[in-house]
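Here is the structure we will look at, set down as structure tokens.
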Amino acid sequence: MLKKTYHSSHHDFKTGILCKLSFFFGFLFLFIFLFFKIISITASSESTGFIKQLFDISQSTVPESFLSLSLILIFAGIVLYLFGRQFAKLAKISDEIENSEEYIDEETY
């Protein structure tokens, strides 16, 4: 038989942690994109060594990939933040119902 499980309203499915991770990686990828764009402006094709490699990468589609990933992760972080806020409101409402004097438990009678 299946067991009935009860989930607490305080259990928010770790949306806070996922939100923070999503924002962190989103902004990290955004800074990487900006770094490559600055390199593409300041360096030239006549550069040598490591700067030349960075310039070649900045002329490919890699920076745009970082930009798209950063936008996706930032928007996912916003959605997860809003879900977390809704779970917090749900927890507050459930606490009010559980602690309310108007709430009468029918099993006590």
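Each reported figure results from applying straightforward, stated rules to the coordinates on display, with no laboratory input. Remember, it's a predicted structure, so these values are computed and weren't measured experimentally. When we count neighbours, we look across all protein chains shown, and the Cβ atoms used for this are built from the backbone with ideal geometry, even at glycine.
General observations
- With both labels modelled 7 Å from their Cα along Cα-to-Cβ, the T48 to E64 distance reads 3.2 nm.
- Relative intensity, log₁₀ I(q)/I(0), of region 15-98 from a Debye sum that treats every alpha carbon as a point, q = 0.11, 0.13, 0.24 Å⁻¹: -0.45, -0.55, -0.99
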